[in-house]
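Okay, so here's the structure we're looking at.
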Amino acid sequence: MADFHLISPATPDQLPLLVQLEQQTFTETFDGTYTPEDLAAFLQDKKSGPALLKEMTQPGSSYFIIYCNNIPAGFLKINLHRQPDSGGPLPGPVLELEKIYILQAFQGKKLGKLLIEKTMEIARNNQVKTVWLGVWEHNHKAFQFYLQQGFERFGEHVFRVGNQEDTDWLLKKHLL
């Protein structure tokens, strides 16, 4: 039997679910990368209920939750009309694919590709010319995934977790 997938917009009443998905996927993805203190500070500052509610209500920002057989499996966050903080401006209108995370238990089921397809659908519906994102320079699995989806590197910026500064590579994809 094939898996059933659904991608739906996240609503403020789903904030507890979004907090759980954000914290769990970030911790799973970057386990051992940061000190416990830096990770705890980042989760509190950037992935708590108040922080995510503020993000959810920003103009042009949208969260989507992907379900696999009715079980929340990951999420996507996009920002319409947000240019990168370096390496730009890009040909606009633009769309930032800010976050795309799948719980480890659901990886390998092509859910990331479904979220990329959702992003591209939204981009086309909004006449976006360029989709861009940042990916940690040491996240080779994600970097290769984005290259396979047609993205190319165009710059980098600093991403801070607690006291640790990391380099994110900026990737872009031009749409026809």
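Side notes on the structure shown:
- Residue under evaluation D85, criteria (1) under 22 Å from G32 (Cα atoms); (2) among the charged types (D, E, K, R); (3) modelled with pLDDT under 95, criterion not met: (1)
- Subset tally (residues that are without any contact (Cβ under 8 Å) to a residue 40 or more places away in the chain, of a type in the set (G, A, S) and part of a helix (DSSP H, G or I)) for region 41-77: 2
- Residues being free of Cβ contacts under 8 Å to residues at least 12 places away in the same chain and of a type outside the set (S, T, Y) - total across region 1-19: 3
- Qualifying residue in region 36-47 (condition: surrounded by fewer than 17 Cβ atoms within 10 Å (Cβ to Cβ), within 18 Å of D168 (Cα to Cα), more than 15 Å from the chain's Cα centre (by Cα) and among the small types (G, A, S)): no
- Residues in region 143-154 that are outside any loop (DSSP other than H, G, I, E, B) and crowded, with 18+ Cβ neighbours inside 10 Å: Y146 only.
- Test: residue in region 83-90 that is touching a residue at least 24 places away in the same chain (Cβ under 8 Å) and within 16 Å of the chain's Cα centre (by Cα): yes
- Restricting region 118-142 to residues that are part of a strand (DSSP E or B) and under 14 Å from the mean Cα position of the chain (by Cα), the residue that is farthest from L170 (Cα to Cα): V131
- Residue tally, condition outside any strand (DSSP E or B), of a type in the set (K, R) and crowded, with 16+ Cβ neighbours inside 10 Å, over region 83-117: 1
- Test: residue in region 158-176 that is in a loop (DSSP other than H, G, I, E, B), at pLDDT below 95, farther than 21 Å from T11 by Cβ and among the hydrophobic types (A, V, I, L, M, F, W, C): yes
The values are calculated or read from the model by the stated rules, or taken from the named source; none is laboratory data. This is a predicted model, so every value here is computed, not measured. With ideal geometry, Cβ positions are generated from the backbone for all residues, glycine too; neighbour counts draw on all protein chains shown.
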